[in-house]
1. Which of the residues that make up the stretch 263-284 are more than 26 Å from P164 (Cβ to Cβ) and touching a residue at least 40 places away in the same chain (Cβ under 8 Å)?
2. Return a yes/no flag: does the stretch 245-253 have any residue that is outside any strand (DSSP E or B), without any contact (Cβ under 8 Å) to a residue 40 or more places away in the chain and farther than 24 Å from Y36 by Cα.
3. What's the number of the condition T128 fails, among (1) within 30 Å of E218 (Cα to Cα); (2) surrounded by fewer than 17 Cβ atoms within 10 Å (Cβ to Cβ); (3) of a type in the set (V, I, T)?
4. Among the numbered criteria (1) modelled with pLDDT under 95; (2) under 15 Å from L154 (Cβ atoms), which single criterion is violated by D294?
5. Restricting to the stretch 382-427, count the residues that are among the charged types (D, E, K, R), surrounded by fewer than 16 Cβ atoms within 10 Å (Cβ to Cβ) and touching a Ser or Thr at 6+ places or on another chain (Cβ under 9 Å).
6. From (1) in a loop (DSSP other than H, G, I, E, B); (2) over 26 Å from F249 (Cα atoms), pick out the condition that doesn't hold for E366.
7. Taking S423 as meeting all but one of (1) of a type in the set (S, T, N, Q); (2) part of a helix (DSSP H, G or I); (3) more than 20 Å from Q350 (Cβ to Cβ), write down the number of the exception.
8. In the stretch 95-105, is there at least one residue being over 29 Å from H323 (Cβ atoms), surrounded by 17 or more Cβ atoms within 10 Å (Cβ to Cβ) and either free of Cβ contacts under 8 Å to residues at least 60 places away in the same chain or among the polar types (S, T, N, Q) (or both)?
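The values are calculated or read from the model by the stated rules, or taken from the named source; none is laboratory data. Quick caveat, the model's predicted, so the values are computed rather than measured. Every residue, glycine among them, receives a Cβ derived from its backbone with ideal geometry; neighbour counts consider all protein chains shown.
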Amino acid sequence: MDKQVYQEFNQTIYRQQLANGLKVQLLPMAGYHKTYAILTTDFGSIDNHFIPYQQDEAIKVPDGVAHFLEHKMFEKEDHDAFDLFGKLGADSNAFTSFTQTSYLFSTTSNLHANLDVLLDFVQDPYFTAQTVKKEQGIIGQEIQMYDDDPGWRLYLGILGNLYPKDPMRIDIAGTVDSISQITPEILMASYQTFYQPSNMNLFLVGQLDPEETMAWIEQNQAQKTFPPAEVPRRLFSLNDPTAHDVIPFRSLTMDIVRPKVVVGLRGTKHFDDGRQRLHYKLAIDLLLDVLFDDTSDNYLRLYNNETLDDSFSYNFEMQRGFHFAYFSSDTNQLERFADEVIAILESADQQIEAARTRFEGIKNAELGRLIGLLDSPEAIANRYAGDLFAGASLMDEIQLLKSITIDDLYQVANEFITSQGISVYQVVPQHQ
(Lines give C-alpha, C1' and ligand atoms only; values in the text may rest on other atoms or scores of the structure.)
Protein backbone atom coordinates (compact mmCIF):
# COMPACT_ATOMS: atom_id res chain seq x y z
CA MET A 1 0.00 0.00 0.00
CA ASP A 2 1.46 3.34 -1.09
CA LYS A 3 1.08 6.40 1.05
CA GLN A 4 1.46 10.10 0.39
CA VAL A 5 2.23 12.30 3.38
CA TYR A 6 1.06 15.91 3.40
CA GLN A 7 3.11 17.31 6.28
CA GLU A 8 1.64 20.78 5.85
CA PHE A 9 -1.83 19.43 6.68
CA ASN A 10 -0.78 16.56 8.97
CA GLN A 11 -2.61 14.15 6.69
CA THR A 12 -1.68 10.94 4.86
CA ILE A 13 -3.50 9.32 1.94
CA TYR A 14 -3.08 5.57 1.51
CA ARG A 15 -3.46 4.22 -2.02
CA GLN A 16 -3.65 0.79 -3.57
CA GLN A 17 -4.84 -0.69 -6.85
CA LEU A 18 -6.30 -4.11 -6.21
CA ALA A 19 -5.68 -7.18 -8.35
CA ASN A 20 -8.99 -6.64 -10.16
CA GLY A 21 -8.06 -3.04 -11.02
CA LEU A 22 -10.17 -1.21 -8.41
CA LYS A 23 -8.34 1.90 -7.20
CA VAL A 24 -8.72 2.53 -3.45
CA GLN A 25 -7.77 5.63 -1.47
CA LEU A 26 -8.02 5.97 2.30
CA LEU A 27 -7.66 9.17 4.32
CA PRO A 28 -7.86 8.62 8.09
CA MET A 29 -8.84 11.78 10.00
CA ALA A 30 -7.94 11.76 13.69
CA GLY A 31 -10.65 12.88 16.06
CA TYR A 32 -13.54 12.34 13.63
CA HIS A 33 -16.44 10.05 14.47
CA LYS A 34 -17.87 9.87 10.95
CA THR A 35 -16.57 8.01 7.91
CA TYR A 36 -17.61 8.86 4.37
CA ALA A 37 -17.18 6.45 1.45
CA ILE A 38 -17.79 7.07 -2.24
CA LEU A 39 -17.50 4.49 -5.03
CA THR A 40 -17.32 6.02 -8.50
CA THR A 41 -17.43 4.60 -12.00
CA ASP A 42 -16.10 6.60 -14.92
CA PHE A 43 -19.44 6.47 -16.71
CA GLY A 44 -21.86 9.34 -17.21
CA SER A 45 -24.65 10.58 -19.41
CA ILE A 46 -22.41 11.54 -22.36
CA ASP A 47 -21.15 7.95 -22.66
CA ASN A 48 -24.03 6.83 -24.84
CA HIS A 49 -22.00 5.66 -27.86
CA PHE A 50 -19.51 2.84 -27.25
CA ILE A 51 -18.37 -0.65 -28.15
CA PRO A 52 -19.80 -3.03 -25.53
CA TYR A 53 -17.55 -5.24 -23.42
CA GLN A 54 -16.00 -8.11 -25.43
CA GLN A 55 -17.89 -7.12 -28.59
CA ASP A 56 -16.83 -5.54 -31.87
CA GLU A 57 -19.86 -3.56 -33.04
CA ALA A 58 -20.60 -0.11 -31.66
CA ILE A 59 -23.99 0.67 -30.14
CA LYS A 60 -25.72 3.91 -29.23
CA VAL A 61 -27.89 3.63 -26.13
CA PRO A 62 -30.84 5.90 -25.26
CA ASP A 63 -30.16 9.14 -23.40
CA GLY A 64 -30.37 8.68 -19.63
CA VAL A 65 -28.94 5.16 -19.30
CA ALA A 66 -26.19 6.09 -16.79
CA HIS A 67 -28.73 7.81 -14.50
CA PHE A 68 -31.21 4.95 -14.97
CA LEU A 69 -28.52 2.46 -13.94
CA GLU A 70 -27.80 4.51 -10.82
CA HIS A 71 -31.45 4.15 -9.78
CA LYS A 72 -31.65 0.46 -10.62
CA MET A 73 -28.49 -0.65 -8.85
CA PHE A 74 -30.05 -0.27 -5.39
CA GLU A 75 -32.95 -2.64 -6.13
CA LYS A 76 -32.30 -6.38 -5.87
CA GLU A 77 -34.54 -9.42 -6.22
CA ASP A 78 -35.39 -9.68 -2.51
CA HIS A 79 -34.19 -6.41 -0.93
CA ASP A 80 -33.22 -2.81 -1.44
CA ALA A 81 -29.70 -1.62 -0.60
CA PHE A 82 -31.10 1.52 1.05
CA ASP A 83 -32.76 -0.70 3.66
CA LEU A 84 -29.50 -2.51 4.40
CA PHE A 85 -27.66 0.77 4.95
CA GLY A 86 -30.47 1.97 7.20
CA LYS A 87 -30.28 -1.13 9.39
CA LEU A 88 -26.55 -0.54 9.80
CA GLY A 89 -27.02 3.12 10.79
CA ALA A 90 -25.67 4.65 7.57
CA ASP A 91 -27.02 7.37 5.30
CA SER A 92 -26.65 6.45 1.63
CA ASN A 93 -27.19 8.12 -1.72
CA ALA A 94 -25.97 8.27 -5.31
CA PHE A 95 -25.65 10.77 -8.14
CA THR A 96 -24.86 10.87 -11.85
CA SER A 97 -23.04 13.57 -13.78
CA PHE A 98 -22.15 13.95 -17.44
CA THR A 99 -19.06 11.76 -16.96
CA GLN A 100 -19.36 9.83 -13.66
CA THR A 101 -21.74 7.86 -11.46
CA SER A 102 -21.10 7.70 -7.71
CA TYR A 103 -22.54 5.65 -4.85
CA LEU A 104 -21.91 6.78 -1.29
CA PHE A 105 -22.63 6.39 2.39
CA SER A 106 -21.68 8.08 5.65
CA THR A 107 -21.68 6.36 9.01
CA THR A 108 -20.44 6.57 12.59
CA SER A 109 -20.59 2.80 13.12
CA ASN A 110 -20.36 -0.57 11.34
CA LEU A 111 -17.90 0.76 8.75
CA HIS A 112 -16.80 -2.61 7.41
CA ALA A 113 -20.33 -4.00 7.18
CA ASN A 114 -21.45 -0.86 5.32
CA LEU A 115 -18.46 -1.22 2.99
CA ASP A 116 -19.63 -4.74 2.17
CA VAL A 117 -23.10 -3.43 1.35
CA LEU A 118 -21.68 -0.71 -0.91
CA LEU A 119 -19.36 -3.01 -2.84
CA ASP A 120 -21.83 -5.89 -3.00
CA PHE A 121 -24.84 -4.00 -4.34
CA VAL A 122 -22.85 -2.07 -6.94
CA GLN A 123 -21.10 -5.24 -8.13
CA ASP A 124 -24.27 -7.35 -8.32
CA PRO A 125 -26.66 -6.06 -11.02
CA TYR A 126 -30.29 -7.14 -11.10
CA PHE A 127 -32.56 -6.04 -13.94
CA THR A 128 -35.93 -7.39 -15.04
CA ALA A 129 -38.45 -6.09 -17.54
CA GLN A 130 -40.93 -5.48 -14.72
CA THR A 131 -38.55 -3.45 -12.52
CA VAL A 132 -37.29 -1.47 -15.52
CA LYS A 133 -40.84 -0.56 -16.49
CA LYS A 134 -41.58 0.59 -12.94
CA GLU A 135 -38.45 2.75 -12.91
CA GLN A 136 -39.39 4.33 -16.23
CA GLY A 137 -42.47 5.77 -14.57
CA ILE A 138 -40.55 7.05 -11.55
CA ILE A 139 -37.77 8.71 -13.57
CA GLY A 140 -40.30 10.04 -16.07
CA GLN A 141 -41.99 11.96 -13.26
CA GLU A 142 -38.59 13.26 -12.12
CA ILE A 143 -37.83 14.53 -15.64
CA GLN A 144 -41.21 16.27 -15.88
CA MET A 145 -40.62 17.90 -12.49
CA TYR A 146 -37.31 19.37 -13.67
CA ASP A 147 -38.94 20.50 -16.91
CA ASP A 148 -41.02 22.88 -14.76
CA ASP A 149 -37.94 24.31 -13.00
CA PRO A 150 -36.90 27.58 -14.71
CA GLY A 151 -33.41 27.47 -13.17
CA TRP A 152 -32.77 23.99 -14.56
CA ARG A 153 -34.18 24.96 -17.95
CA LEU A 154 -31.85 27.98 -18.00
CA TYR A 155 -28.85 25.72 -17.32
CA LEU A 156 -29.86 23.13 -19.92
CA GLY A 157 -30.66 25.93 -22.35
CA ILE A 158 -27.16 27.38 -22.26
CA LEU A 159 -25.67 23.91 -22.60
CA GLY A 160 -27.85 23.43 -25.67
CA ASN A 161 -26.40 26.64 -27.07
CA LEU A 162 -22.80 25.78 -26.24
CA TYR A 163 -23.00 22.14 -27.38
CA PRO A 164 -25.90 22.03 -29.85
CA LYS A 165 -24.95 18.66 -31.39
CA ASP A 166 -23.31 17.00 -28.38
CA PRO A 167 -24.88 14.85 -25.62
CA MET A 168 -24.29 17.52 -22.96
CA ARG A 169 -27.34 19.35 -24.34
CA ILE A 170 -29.58 16.54 -23.03
CA ASP A 171 -30.73 16.27 -19.43
CA ILE A 172 -28.55 13.78 -17.53
CA ALA A 173 -31.75 11.83 -16.75
CA GLY A 174 -32.65 11.71 -20.45
CA THR A 175 -36.12 12.43 -21.78
CA VAL A 176 -39.43 10.70 -21.17
CA ASP A 177 -39.17 9.26 -24.69
CA SER A 178 -35.54 8.13 -24.42
CA ILE A 179 -35.94 6.28 -21.12
CA SER A 180 -39.00 4.47 -22.51
CA GLN A 181 -36.56 2.72 -24.88
CA ILE A 182 -34.32 1.38 -22.10
CA THR A 183 -34.37 -2.40 -21.65
CA PRO A 184 -32.66 -4.82 -19.23
CA GLU A 185 -30.35 -5.82 -22.10
CA ILE A 186 -29.23 -2.22 -22.65
CA LEU A 187 -28.62 -1.77 -18.94
CA MET A 188 -26.57 -4.96 -18.74
CA ALA A 189 -24.46 -4.06 -21.79
CA SER A 190 -23.71 -0.66 -20.25
CA TYR A 191 -23.02 -2.18 -16.83
CA GLN A 192 -20.61 -4.80 -18.16
CA THR A 193 -18.73 -2.17 -20.16
CA PHE A 194 -18.35 0.55 -17.56
CA TYR A 195 -18.79 -1.05 -14.13
CA GLN A 196 -15.61 -3.09 -14.34
CA PRO A 197 -13.51 -2.64 -11.18
CA SER A 198 -10.67 -1.28 -13.32
CA ASN A 199 -12.95 1.60 -14.38
CA MET A 200 -13.87 2.47 -10.78
CA ASN A 201 -12.36 4.07 -7.68
CA LEU A 202 -13.24 3.94 -3.98
CA PHE A 203 -12.40 6.82 -1.63
CA LEU A 204 -12.89 6.67 2.16
CA VAL A 205 -12.32 9.62 4.49
CA GLY A 206 -12.77 9.93 8.26
CA GLN A 207 -12.56 7.52 11.17
CA LEU A 208 -10.78 4.44 9.85
CA ASP A 209 -7.72 2.27 10.32
CA PRO A 210 -6.03 2.17 6.91
CA GLU A 211 -4.48 -1.30 7.28
CA GLU A 212 -7.65 -2.93 8.58
CA THR A 213 -9.90 -1.16 6.10
CA MET A 214 -7.75 -1.97 3.08
CA ALA A 215 -7.55 -5.63 4.17
CA TRP A 216 -11.35 -5.72 4.51
CA ILE A 217 -11.82 -4.30 1.01
CA GLU A 218 -9.30 -6.77 -0.42
CA GLN A 219 -11.10 -9.65 1.27
CA ASN A 220 -14.46 -8.54 -0.13
CA GLN A 221 -13.07 -8.33 -3.64
CA ALA A 222 -11.13 -11.59 -3.42
CA GLN A 223 -14.38 -13.48 -2.76
CA LYS A 224 -15.77 -12.39 -6.14
CA THR A 225 -14.98 -13.44 -9.68
CA PHE A 226 -14.72 -10.71 -12.29
CA PRO A 227 -14.37 -11.05 -16.07
CA PRO A 228 -11.03 -9.97 -17.56
CA ALA A 229 -10.57 -6.21 -17.54
CA GLU A 230 -11.06 -4.32 -20.79
CA VAL A 231 -10.61 -0.57 -21.22
CA PRO A 232 -14.03 0.90 -22.15
CA ARG A 233 -14.07 1.94 -25.79
CA ARG A 234 -16.00 5.20 -25.81
CA LEU A 235 -16.88 6.82 -29.11
CA PHE A 236 -17.66 10.29 -27.74
CA SER A 237 -16.09 13.21 -29.57
CA LEU A 238 -17.13 16.85 -29.84
CA ASN A 239 -19.07 17.72 -32.98
CA ASP A 240 -16.83 20.77 -33.48
CA PRO A 241 -13.77 21.08 -31.19
CA THR A 242 -13.28 24.68 -32.34
CA ALA A 243 -16.69 25.74 -30.93
CA HIS A 244 -17.82 27.32 -34.18
CA ASP A 245 -21.09 25.39 -33.84
CA VAL A 246 -22.11 27.41 -30.75
CA ILE A 247 -25.58 28.98 -31.06
CA PRO A 248 -25.24 32.69 -30.13
CA PHE A 249 -28.73 33.21 -28.70
CA ARG A 250 -31.99 31.47 -27.81
CA SER A 251 -34.84 32.16 -25.42
CA LEU A 252 -37.61 30.20 -23.72
CA THR A 253 -41.02 31.39 -22.50
CA MET A 254 -42.25 30.00 -19.17
CA ASP A 255 -44.86 30.82 -16.56
CA ILE A 256 -42.52 32.82 -14.32
CA VAL A 257 -42.64 36.29 -12.76
CA ARG A 258 -39.08 37.53 -13.27
CA PRO A 259 -36.85 37.00 -16.34
CA LYS A 260 -33.67 34.96 -16.11
CA VAL A 261 -30.58 35.20 -18.31
CA VAL A 262 -27.30 33.33 -18.59
CA VAL A 263 -24.15 34.03 -20.56
CA GLY A 264 -22.16 30.91 -21.41
CA LEU A 265 -18.52 30.60 -22.46
CA ARG A 266 -17.23 27.39 -23.99
CA GLY A 267 -13.54 26.50 -23.80
CA THR A 268 -11.63 24.79 -26.59
CA LYS A 269 -8.23 24.02 -25.06
CA HIS A 270 -7.23 20.34 -25.09
CA PHE A 271 -5.19 18.72 -22.34
CA ASP A 272 -3.16 15.51 -22.31
CA ASP A 273 -1.86 15.98 -18.76
CA GLY A 274 -4.14 15.88 -15.71
CA ARG A 275 -2.03 18.21 -13.58
CA GLN A 276 -1.96 20.81 -16.37
CA ARG A 277 -5.73 20.48 -16.56
CA LEU A 278 -6.07 21.11 -12.83
CA HIS A 279 -3.72 24.11 -13.00
CA TYR A 280 -5.87 25.53 -15.80
CA LYS A 281 -9.07 24.99 -13.81
CA LEU A 282 -7.71 26.67 -10.69
CA ALA A 283 -6.42 29.62 -12.74
CA ILE A 284 -9.82 30.01 -14.46
CA ASP A 285 -11.54 29.95 -11.06
CA LEU A 286 -9.27 32.79 -9.92
CA LEU A 287 -9.84 34.67 -13.17
CA LEU A 288 -13.61 34.58 -12.70
CA ASP A 289 -13.23 35.78 -9.12
CA VAL A 290 -11.11 38.70 -10.33
CA LEU A 291 -13.73 39.63 -12.91
CA PHE A 292 -16.98 38.95 -11.07
CA ASP A 293 -16.73 38.28 -7.33
CA ASP A 294 -18.85 40.45 -5.06
CA THR A 295 -15.91 42.66 -4.08
CA SER A 296 -15.06 43.54 -7.69
CA ASP A 297 -15.81 46.91 -9.24
CA ASN A 298 -17.75 45.12 -11.97
CA TYR A 299 -20.13 43.43 -9.55
CA LEU A 300 -20.69 46.54 -7.46
CA ARG A 301 -21.35 48.69 -10.53
CA LEU A 302 -23.84 46.22 -12.03
CA TYR A 303 -25.52 45.68 -8.66
CA ASN A 304 -25.90 49.40 -8.03
CA ASN A 305 -27.46 50.06 -11.44
CA GLU A 306 -29.81 47.05 -10.96
CA THR A 307 -28.42 45.09 -13.90
CA LEU A 308 -28.06 42.14 -11.53
CA ASP A 309 -29.07 41.29 -7.96
CA ASP A 310 -28.06 38.80 -5.29
CA SER A 311 -29.30 35.94 -7.49
CA PHE A 312 -26.19 36.49 -9.64
CA SER A 313 -23.82 33.55 -9.80
CA TYR A 314 -20.97 32.29 -11.92
CA ASN A 315 -19.34 28.89 -12.22
CA PHE A 316 -16.72 27.00 -14.18
CA GLU A 317 -17.20 23.32 -14.98
CA MET A 318 -14.50 21.02 -16.27
CA GLN A 319 -15.32 17.43 -17.07
CA ARG A 320 -13.89 14.71 -19.25
CA GLY A 321 -13.75 16.06 -22.81
CA PHE A 322 -15.23 19.54 -22.30
CA HIS A 323 -15.27 22.65 -20.12
CA PHE A 324 -17.34 25.83 -19.90
CA ALA A 325 -18.29 28.77 -17.67
CA TYR A 326 -21.64 30.44 -17.14
CA PHE A 327 -22.87 33.67 -15.54
CA SER A 328 -26.54 34.04 -14.62
CA SER A 329 -28.99 36.31 -12.82
CA ASP A 330 -32.63 37.21 -12.45
CA THR A 331 -32.95 40.65 -14.03
CA ASN A 332 -35.34 42.96 -15.82
CA GLN A 333 -32.44 44.15 -17.98
CA LEU A 334 -31.73 41.02 -19.98
CA GLU A 335 -29.85 42.58 -22.88
CA ARG A 336 -27.85 44.92 -20.69
CA PHE A 337 -26.76 42.06 -18.41
CA ALA A 338 -25.56 39.99 -21.36
CA ASP A 339 -23.78 42.92 -23.00
CA GLU A 340 -22.03 43.87 -19.75
CA VAL A 341 -20.84 40.34 -18.98
CA ILE A 342 -19.56 39.84 -22.53
CA ALA A 343 -17.77 43.21 -22.47
CA ILE A 344 -16.05 42.27 -19.20
CA LEU A 345 -14.94 38.93 -20.63
CA GLU A 346 -13.65 40.46 -23.84
CA SER A 347 -11.63 43.06 -21.89
CA ALA A 348 -10.16 40.48 -19.51
CA ASP A 349 -6.55 41.62 -19.94
CA GLN A 350 -7.41 45.16 -18.85
CA GLN A 351 -9.59 43.83 -16.04
CA ILE A 352 -6.75 41.66 -14.71
CA GLU A 353 -4.32 44.57 -14.79
CA ALA A 354 -6.79 46.79 -12.95
CA ALA A 355 -7.15 44.13 -10.27
CA ARG A 356 -3.42 43.54 -9.79
CA THR A 357 -3.46 44.92 -6.25
CA ARG A 358 -6.44 42.69 -5.37
CA PHE A 359 -4.98 39.49 -6.77
CA GLU A 360 -3.23 38.16 -3.67
CA GLY A 361 -6.28 38.88 -1.55
CA ILE A 362 -8.52 37.02 -4.01
CA LYS A 363 -6.13 34.07 -4.11
CA ASN A 364 -5.92 33.97 -0.31
CA ALA A 365 -9.72 33.98 -0.09
CA GLU A 366 -9.88 30.98 -2.45
CA LEU A 367 -7.13 29.24 -0.47
CA GLY A 368 -9.10 29.84 2.70
CA ARG A 369 -12.20 28.33 1.14
CA LEU A 370 -10.34 25.19 0.04
CA ILE A 371 -8.54 24.85 3.37
CA GLY A 372 -11.93 25.12 5.08
CA LEU A 373 -13.10 22.11 3.07
CA LEU A 374 -10.43 19.99 4.78
CA ASP A 375 -12.81 19.79 7.76
CA SER A 376 -15.39 17.98 5.62
CA PRO A 377 -14.86 14.29 4.74
CA GLU A 378 -17.60 14.64 2.12
CA ALA A 379 -15.92 17.61 0.42
CA ILE A 380 -12.53 15.90 0.34
CA ALA A 381 -13.89 12.74 -1.27
CA ASN A 382 -16.40 14.40 -3.60
CA ARG A 383 -13.80 16.77 -5.09
CA TYR A 384 -11.63 13.85 -6.16
CA ALA A 385 -12.00 13.56 -9.92
CA GLY A 386 -9.85 10.51 -10.59
CA ASP A 387 -7.93 10.48 -13.84
CA LEU A 388 -9.29 13.90 -14.87
CA PHE A 389 -6.75 15.60 -12.59
CA ALA A 390 -4.18 12.77 -12.46
CA GLY A 391 -5.39 11.56 -9.08
CA ALA A 392 -4.97 14.93 -7.35
CA SER A 393 -6.50 15.31 -3.90
CA LEU A 394 -7.83 18.43 -2.22
CA MET A 395 -4.42 18.87 -0.58
CA ASP A 396 -2.78 18.78 -4.01
CA GLU A 397 -5.25 21.43 -5.19
CA ILE A 398 -4.29 23.72 -2.33
CA GLN A 399 -0.58 23.32 -3.00
CA LEU A 400 -1.04 23.95 -6.72
CA LEU A 401 -3.26 26.98 -6.14
CA LYS A 402 -0.48 28.60 -4.10
CA SER A 403 1.80 28.50 -7.16
CA ILE A 404 -0.56 30.40 -9.48
CA THR A 405 0.50 33.95 -10.34
CA ILE A 406 -1.31 36.84 -11.95
CA ASP A 407 0.60 36.11 -15.16
CA ASP A 408 -1.16 32.73 -15.29
CA LEU A 409 -4.48 34.59 -15.43
CA TYR A 410 -3.44 36.47 -18.57
CA GLN A 411 -2.53 33.17 -20.21
CA VAL A 412 -5.72 31.28 -19.37
CA ALA A 413 -7.88 34.29 -20.28
CA ASN A 414 -6.35 34.32 -23.76
CA GLU A 415 -6.80 30.55 -24.07
CA PHE A 416 -10.34 30.38 -22.70
CA ILE A 417 -12.15 33.49 -23.92
CA THR A 418 -13.03 33.38 -27.62
CA SER A 419 -15.77 35.22 -29.49
CA GLN A 420 -17.15 32.04 -31.08
CA GLY A 421 -17.45 30.40 -27.64
CA ILE A 422 -19.86 32.99 -26.18
CA SER A 423 -23.63 32.47 -26.04
CA VAL A 424 -26.73 33.88 -24.32
CA TYR A 425 -29.90 32.11 -23.19
CA GLN A 426 -33.00 33.69 -21.66
CA VAL A 427 -36.04 32.40 -19.80
CA VAL A 428 -38.75 35.05 -20.00
CA PRO A 429 -42.29 35.39 -18.58
CA GLN A 430 -45.17 34.60 -20.90
CA HIS A 431 -46.42 38.15 -20.90
CA GLN A 432 -43.07 39.63 -21.87
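1. Step one: of the stretch 263-284, the residues more than 26 Å from P164 (Cβ to Cβ) are 272-276, 278-279, 282-283.
Of everything in the stretch 263-284, those that are more than 26 Å from P164 (Cβ to Cβ) and touching a residue at least 40 places away in the same chain (Cβ under 8 Å) turn out to be D273, G274, R275, L278, H279, L282, A283.
2. There is no residue in the stretch 245-253 that is outside any strand (DSSP E or B), without any contact (Cβ under 8 Å) to a residue 40 or more places away in the chain and farther than 24 Å from Y36 by Cα.
3. (1)
4. Of everything listed in (1) modelled with pLDDT under 95; (2) under 15 Å from L154 (Cβ atoms), D294 misses just condition (2).
5. Of the residues in the stretch 382-427, 1 are among the charged types (D, E, K, R), surrounded by fewer than 16 Cβ atoms within 10 Å (Cβ to Cβ) and touching a Ser or Thr at 6+ places or on another chain (Cβ under 9 Å).
6. E366 satisfies every listed condition except (1).
7. Result: S423 passes all but (2).
8. Checked the stretch 95-105: no residue is over 29 Å from H323 (Cβ atoms), surrounded by 17 or more Cβ atoms within 10 Å (Cβ to Cβ) and either free of Cβ contacts under 8 Å to residues at least 60 places away in the same chain or among the polar types (S, T, N, Q) (or both).
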